[in-house]
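Colleague: Here's a structure for you.
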There are 4 protein chains.
Amino acid sequence: MKTKSRFLRAPVEPFVVLPDAAAGDLLARMERISFQGRNLAIARRIWEKMLGDDCTIFFGMAGALSAGGLRMIVAYLIAHRYIDCLVSTGANLYHDLHETRGRHHYLGSPREDDAALQAEHIDRVYDTYAREDEFCDNDEWIAAFALTLEPRPHTSREFIYKLGEYLWKATGQEGILTAAYKANVPIFCPAIADSSIGMGLSQARHREPTAGQIDVIGDIVESANLVIRHPRTASVVLGGGTPKNFINQASVQAEFFDDRIGGHRYALQIVTDVPHFGGASGSSLEEARSWGKLATDAEQVTVQSDATIALPLLVSALAGSARDTMARRKPMQFDVSGPTMAANGRPFPHARFEARQR
Amino acid sequence: MKTKSRFLRAPVEPFVVLPDAAAGDLLARMERISFQGRNLAIARRIWEKMLGDDCTIFFGMAGALSAGGLRMIVAYLIAHRYIDCLVSTGANLYHDLHETRGRHHYLGSPREDDAALQAEHIDRVYDTYAREDEFCDNDEWIAAFALTLEPRPHTSREFIYKLGEYLWKATGQEGILTAAYKANVPIFCPAIADSSIGMGLSQARHREPTAGQIDVIGDIVESANLVIRHPRTASVVLGGGTPKNFINQASVQAEFFDDRIGGHRYALQIVTDVPHFGGASGSSLEEARSWGKLATDAEQVTVQSDATIALPLLVSALAGSARDTMARRKPMQFDVSGPTMAANGRPFPHARFEARQR
Amino acid sequence: MKTKSRFLRAPVEPFVVLPDAAAGDLLARMERISFQGRNLAIARRIWEKMLGDDCTIFFGMAGALSAGGLRMIVAYLIAHRYIDCLVSTGANLYHDLHETRGRHHYLGSPREDDAALQAEHIDRVYDTYAREDEFCDNDEWIAAFALTLEPRPHTSREFIYKLGEYLWKATGQEGILTAAYKANVPIFCPAIADSSIGMGLSQARHREPTAGQIDVIGDIVESANLVIRHPRTASVVLGGGTPKNFINQASVQAEFFDDRIGGHRYALQIVTDVPHFGGASGSSLEEARSWGKLATDAEQVTVQSDATIALPLLVSALAGSARDTMARRKPMQFDVSGPTMAANGRPFPHARFEARQR
Amino acid sequence: MKTKSRFLRAPVEPFVVLPDAAAGDLLARMERISFQGRNLAIARRIWEKMLGDDCTIFFGMAGALSAGGLRMIVAYLIAHRYIDCLVSTGANLYHDLHETRGRHHYLGSPREDDAALQAEHIDRVYDTYAREDEFCDNDEWIAAFALTLEPRPHTSREFIYKLGEYLWKATGQEGILTAAYKANVPIFCPAIADSSIGMGLSQARHREPTAGQIDVIGDIVESANLVIRHPRTASVVLGGGTPKNFINQASVQAEFFDDRIGGHRYALQIVTDVPHFGGASGSSLEEARSWGKLATDAEQVTVQSDATIALPLLVSALAGSARDTMARRKPMQFDVSGPTMAANGRPFPHARFEARQR
């Protein structure tokens, strides 16, 4: 009865309960089960491979994950260089700033009476609350900072670096922005105008018409040059939105100027959106191949899960199992402090793509 | 600026990475983050409370979780009496039997060519494969077993007990069915006709017209009597489907005959379906209150996650932190071997609800 | 620049607004757009093909679609023989009975205070309410009906036929059960024990120990014989659950006894669940091919939509465009009134599969 | 038995099939069913109310809805002033430009081999294809256009107006961009840097360092001034992403400078994302109230559906039933052609919020 089939190679091995097992062991045993548990386990292996390969690792972060309690995981990934470049929504950076400034988000309920919250000027993000007056104060703090900058366009990358520096000097507290400042890790925020950081900038503009100039087109040039400089790239994405697309766009735009670029070599995404409605957030990594966003032989995995479950487990495991790999990793060293960015001491060309002849 | 608000009591505490942290510690720290991560952490606390209270804990299991690698977790929950009664789809019991009989499910791909699989008689469940000839052999094995039974109606509970006994004697292997047999834990399978176990029974009928009689209406009586006998109940549900509803139905039906019944005191569900399309699988625990399926003051939580991620983490943590509680727990002792079920030595009335005067 | 590609054959044609366009025209123009709109338009074409071919059309119905206002669409499909066999959850049949008996479901809110509803004994299904006392009265009405039946096992198919007859004689009102009674269309309810109809039957049992015997294994035999008798089949499914699986199981079980059976020739499903968590409700029609549930060359489409949006539009369009096809259609004529079912005058063998030699 | 309850006012009325019913009639009858069908019907009523009230109607559009065949519906809404201001992702505007320039998207399959597509330089968006060489040509066309502009910052609103003008003069074809140009309807594209339009702008920058300056912070000022000028606003949103948030941000930012602003008076969203993962795309309209994005007494509805099903039906019905209302509607007349925008002949203050004293 038992004929061999090329399809039947490795059996599912049921997960056996070990009381209080460690994160790394949990994921090791989840590699042999099915569905999204298996995918999460595969995600750890793929991230380890990225770290062991000579890759620039882009990390995208959408949603409200800073407010939701994941900001110190991202700060850890930056500080220890599990990632090389962050692309984020403004919201995630803003909520990080909020907590780094010593304020809080609060445990709340998704079923609270929103009129009652509104009456107390409390803003709700699903099951999480924040004080509106503190948000207004942040906006003004950002505006005040923006007014200290030279009245010239800044890429979001340069602006956010300086914001991190200002924040570190004001608070000395850990967080995403301050970790990136200290580690010289670039952060891009392509949709900065769609966030409270943008609102702070617009309030600077209100006071001083030459303030608050953000050169988001310059961000496109820089992000593509980052790929051109070192075409071996990888992508780790939480949620979808502008971070996911911007990371892929960097690869596509780079390829336009340099045909050695062939898409990310590794990709992992932790998403809750689905492909069948056609939106970019839920789009599959298979689809990304048709665009050349992803190399056709890339190792990739999609984990369909809320990041607030998947990321704590994944990074706790990775931080254990990737120790030796990390000891050997030599990440690119950036200078992101000025209008012109540099990698390993060599500046990028200013305002143009670092194109090869073609 | 800081006025107090009743809404702002506990701050979100960002999750801090500890390399290779243990499951219990992961969940302890996830209690202070947001979204589904927080809910999964709350699920552990609520399950601990169930175990520390004098509750009958119903456990519902839909989906393809046995094939997907979670069957030994459920066997563990049964053997150690983290649960008192299992309600399952036929598929989960069938796939458990398949592996207990020494066969396997296999790691596969959700993007394989299904015509190629069909040509090799390999059946696919998302990213998991099985051999069709082994499934046919199981069906015949079940038919052969069914022909050994007395030609009278059996509730699914009695039938499955005897199936577990037969399986244990044939294999001596661990699994859901064999664990339940050895622990005398009742299993109900209200939709047995919609499964390969049902197919095996129909093949027994084909050979012998008096074979394969399953009294699913008797299951309703027994499950309600289980609630009437000890009205303090709790519900843990993976997915939705018939298991979720049958567990709630037991409570509603019991209340019809005994007005002391007030719905489950604790409820936790790990689901991926959503409420807004009106189906029972995604229905909220809030909605369950309107029906009296859940006590209005019940502690409850819904975790929106694939069980293959949530359950390994949750049970690994629980098995560590609930040790003392479990040492004190005195679960109800059942006799489920015959047509009439007994709890703590007292048989249930036969074929009628154990009603109080009303 | 324009080289031809086999992939680029038909352009997307943007949908142009025509005020108050008719359903058929809407769907005709949606065939040339993308995503789920296109799939819904394809669903109409596939259903038309089923009707024009010599197929037995199975229709599955899960969810709470009767309570949600779709029961008269299903009654229309039965009365006009757009479908040949209904497989339903008990809930959909029960809520149909509730309204046919002159009671109502009510427009409600998904955000109502469920404790307040509970206090008034109002049961909520997402945004829809019902009176609990009326439900209890239905249960007793069903129990009273069940006590009129001969004390022998009835398949759910025979039981529901007789329930429809009793209901028609009591009310003379249109609905799913009464339409099926009048049209002699079989209804299977494999999970009847997981529904209020089952609760009614259990209350009959409470009064009379020989009452309420449902032979759900007999349903498997009959449903497979329906396929064996006429192996050209099609499947239309709303939601997932037991109806979806039971329809496929009929095909798989039939194939076990007759190797001419090759799976459904056409399949359309309107679902909101997704494949990637491994459950049967969300499983893809591609996956169904690996099992032989679907012919490898079947025409099929999955529409990811709430049926309360998709079905009114789809059936309104179909009822217009399929007029000529329906005039020619000669559906199988059933006798479903007794223990042995017949199709086109030829009874099915009793309690065994109508197997060919093999 | 029948006591009255305030909860039970209007019964569900089952939808009755009328062959080939018109869109308006379909939705009229769907108002009395449940779940998302009811919500879609309510969406039509709410949109009618917006049109009959003296509101500025913001329309947000995310996803890949232009490529997916909905661009001419949006062009219709603009041309006939069912909406007053569009906020869009760059992708939707880019794909509109692609088709207005005479190129196509193509009907494809979500299960095609992406390596094969990649080999032929065909880009896939779920079930829709496009030629990469045509996309590259668009990018260069946009770059060439951008080089014709004065070398100064343009808000995305001004830039897109001029792009629409250039496109209209080049093609004379209908579409979103050209309709907005002709109707002087402002379009904001806050995340323009995350799109192929941004890529075109970066290619202009590559050729000329002073080209491609987009003042996205100016967009914040203008969008808030639009609200301050006429605080009665409404919001219609397809999908989530930056359009959804930017429309709400305009209201929140306006309120910061003018306390008469109290959030949108009407809101309808057609989404597929869900609230429970905390992201903005899926966030509920209830939650929006806590922020003051929505008036606490606003009429609002969320329709959980793919827009490719919901929008064709909704707008076809609305275009029929709102005829009289539209004849009376006097939408605000904009001048969006220059750096300073004007409404009804009165220019907005330049680079500052039109604040009241506070």
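The values are calculated or read from the model by the stated rules, or taken from the named source; none is laboratory data. Computed from a prediction, not measured in an experiment: that's the story for all the values here. Glycine gets a Cβ as well: all are built from the backbone with ideal geometry, and neighbour counts include every protein chain shown. Quick note on the areas: whole protein, heavy atoms, side chains included, nothing else; ligands and nucleic acids left out. Shrake-Rupley method; radii C 1.70, N 1.55, O 1.52, S 1.80 Å.
Colleague: Out of curiosity, is C:Gly278 on the phi > 0 side of the Ramachandran plot, in contact with a Ser or Thr (Cβ under 8 Å, 6 or more places away or on another chain) and free of Cβ contacts under 8 Å to residues at least 12 places away in the same chain?
Modeller: Here the answer is yes, as C:Gly278 does meet what is asked.
Colleague: Looking at C:Leu107 and the list (1) modelled with pLDDT under 95; (2) of a type in the set (A, V, I, L, M); (3) surrounded by fewer than 24 Cβ atoms within 10 Å (Cβ to Cβ), which single condition is not satisfied?
Modeller: Tallying (1) modelled with pLDDT under 95; (2) of a type in the set (A, V, I, L, M); (3) surrounded by fewer than 24 Cβ atoms within 10 Å (Cβ to Cβ), C:Leu107 fails exactly one: (1).
Colleague: Specify which of the listed residues (A:Asp259, A:Asp306) is farther than 28 Å from A:Ile220 by Cβ, out of contact with any Asp or Glu (no Cβ under 8 Å at 6 or more places or on another chain) and of a type in the set (D, E, K, R).
Modeller: From the options A:Asp259, A:Asp306, the qualifying one is A:Asp306.
Colleague: Could you tell me how many of the residues in segment D:138-172 are in a loop (DSSP other than H, G, I, E, B), surrounded by fewer than 20 Cβ atoms within 10 Å (Cβ to Cβ) and of a type outside the set (D, E, K, R)?
Modeller: 6
Colleague: Kindly establish whether B:Tyr76 is surrounded by fewer than 24 Cβ atoms within 10 Å (Cβ to Cβ) and either of a type in the set (D, E, K, R) or under 14 Å from B:Ala183 (Cβ atoms) (or both).
Modeller: yes
Colleague: Here is a further query. Could you go through segment A:106-115 and let me know if any residue there is in contact with a Phe, Trp or Tyr (Cβ under 8 Å, 6 or more places away or on another chain) and among the charged types (D, E, K, R).
Modeller: yes
Colleague: Please enumerate the residues belonging to segment D:173-205 that are over 18 Å from the mean Cα position of the chain (by Cα) and open to solvent by 40 Å² or more (accessible area, probe 1.4 Å).
Modeller: D:Gln173
Colleague: C:Ile247 is checked against (1) open to solvent by 10 Å² or more (accessible area, probe 1.4 Å); (2) at negative phi and fails just one. What number does that condition carry?
Modeller: (1)
Colleague: If I ask for residues that are in contact (Cβ under 8 Å) with a residue 24 or more places away in the chain and more than 22 Å from the chain's Cα centre (by Cα), which ones from segment D:146-164 would you list?
Modeller: Within segment D:146-164, D:Ala146, D:Leu147, D:Leu149, D:Pro151, D:Arg152, D:Pro153 meet the criteria.
Colleague: While we're here: Might you check whether a residue that is open to solvent by 10 Å² or more (accessible area, probe 1.4 Å), within 23 Å of the chain's Cα centre (by Cα) and small (Gly, Ala, Ser) occurs anywhere in segment A:36-53? Quick ask: steps written out before the conclusion?
Modeller: Of segment A:36-53, the ones open to solvent by 10 Å² or more (accessible area, probe 1.4 Å) are A:38-39, A:42, A:45, A:48-49, A:52-53.
Going one step further and asking which of them are within 23 Å of the chain's Cα centre (by Cα), we end up with A:38-39, A:42, A:45, A:48-49, A:52-53.
Subset that is small (Gly, Ala, Ser): A:52.
Looking through segment A:36-53, at least one residue is open to solvent by 10 Å² or more (accessible area, probe 1.4 Å), within 23 Å of the chain's Cα centre (by Cα) and small (Gly, Ala, Ser).
Colleague: Within segment A:215-314, considering only helices (runs of 4 or more DSSP H) that don't extend past its boundaries, which have at least 1 residues that are within 14 Å of chain B (Cβ to nearest Cβ)?
Modeller: A:285-290
Colleague: Let me ask something else. Return the pair list, or none, for Cβ contacts closer than 7 Å from residues in segment C:219-232 that are free of Cβ contacts under 8 Å to residues at least 60 places away in the same chain to residues that are in a loop (DSSP other than H, G, I, E, B) and surrounded by fewer than 24 Cβ atoms within 10 Å (Cβ to Cβ), at least 6 apart or on different chains.
Modeller: Sorted first by the residue in segment C:219-232, then by its partner, the pairs are C:Pro231/C:Arg260; C:Pro231/C:Ile261.
Colleague: Give just the number: which of (1) open to solvent by 10 Å² or more (accessible area, probe 1.4 Å); (2) over 18 Å from the mean Cα position of the chain (by Cα) does A:Gly239 not satisfy?
Modeller: Unmet for A:Gly239, out of (1) open to solvent by 10 Å² or more (accessible area, probe 1.4 Å); (2) over 18 Å from the mean Cα position of the chain (by Cα): (2).
Colleague: Here's a follow-up. Looking at the structure I just gave you, is C:Ala355 within 14 Å of chain D (Cβ to nearest Cβ) and touching a residue at least 60 places away in the same chain (Cβ under 8 Å)?
Modeller: no
Colleague: Could you tell me whether any residue of segment A:341-354 is touching a strand residue (DSSP E or B) at 6+ places or on another chain (Cβ under 6 Å) and closer than 29 Å to D:Cys136 by Cβ? Explain how you work it out, then say what you get.
Modeller: Filtering segment A:341-354 down to residues touching a strand residue (DSSP E or B) at 6+ places or on another chain (Cβ under 6 Å) leaves A:342-343.
Filter again for closer than 29 Å to D:Cys136 by Cβ, leaving A:343.
Yes, segment A:341-354 contains a residue that is touching a strand residue (DSSP E or B) at 6+ places or on another chain (Cβ under 6 Å) and closer than 29 Å to D:Cys136 by Cβ.
Colleague: Looking at B:Ala319, B:Ala267, which one is more than 19 Å from B:Gly63 (Cβ to Cβ) and not aromatic (Phe, Trp, Tyr)?
Modeller: Sole residue among the options that is more than 19 Å from B:Gly63 (Cβ to Cβ) and not aromatic (Phe, Trp, Tyr): B:Ala319.
Colleague: Within the bounds of segment A:128-137, is there any residue that is out of contact with any Leu (no Cβ under 6 Å at 6 or more places or on another chain), open to solvent by less than 40 Å² (accessible area, probe 1.4 Å), away from chain B (no Cβ under 11 Å) and at pLDDT 95 or above?
Modeller: Yes, the conditions are met somewhere in segment A:128-137.
Colleague: Restricting to segment D:58-69, and then to whatever is part of a strand (DSSP E or B) and buried (at least 24 other Cβ atoms within 10 Å of the Cβ), can you tell me which residue is farthest from the other protein chains (Cβ to nearest Cβ)?
Modeller: As a first pass, look at segment D:58-69 and keep what is part of a strand (DSSP E or B): D:58-61.
Now narrow it down to the ones that are buried (at least 24 other Cβ atoms within 10 Å of the Cβ): D:58, D:60-61.
Numbers: D:Phe58: 14, D:Gly60: 11, D:Met61: 11 Å.
This residue is D:Phe58.
Colleague: Among the numbered criteria (1) at pLDDT 95 or above; (2) surrounded by fewer than 20 Cβ atoms within 10 Å (Cβ to Cβ); (3) part of a loop (DSSP other than H, G, I, E, B), which single criterion is violated by C:Asp324?
Modeller: Failed condition: (3).
Colleague: Restricting the search to segment A:253-300, which residues are open to solvent by less than 20 Å² (accessible area, probe 1.4 Å), small (Gly, Ala, Ser) and touching a Lys or Arg at 6+ places or on another chain (Cβ under 7 Å)?
Modeller: Scanning segment A:253-300 gives A:Gly263, A:Ser290, A:Ala295, A:Ala298.
Colleague: Given the conditions (1) under 19 Å from D:Cys85 (Cβ atoms); (2) within 14 Å of chain C (Cβ to nearest Cβ); (3) free of Cβ contacts under 8 Å to residues at least 12 places away in the same chain, which single one is not true for D:Ala322?
Modeller: Only one criterion in (1) under 19 Å from D:Cys85 (Cβ atoms); (2) within 14 Å of chain C (Cβ to nearest Cβ); (3) free of Cβ contacts under 8 Å to residues at least 12 places away in the same chain is unmet by D:Ala322, namely (3).
Colleague: Then there is this: What pairs come out if I take residues in segment D:8-24 that are farther than 21 Å from C:His80 by Cβ and facing chain C (nearest Cβ under 7 Å) and pair them with residues that are open to solvent by 30 Å² or more (accessible area, probe 1.4 Å) and assigned to a loop (DSSP other than H, G, I, E, B) whose C-beta lies under 6 Å away, six or more apart or interchain?
Modeller: Qualifying pairs under 6 Å: D:Pro11/C:His104; D:Ala23/C:Asp20; D:Gly24/C:Asp20.
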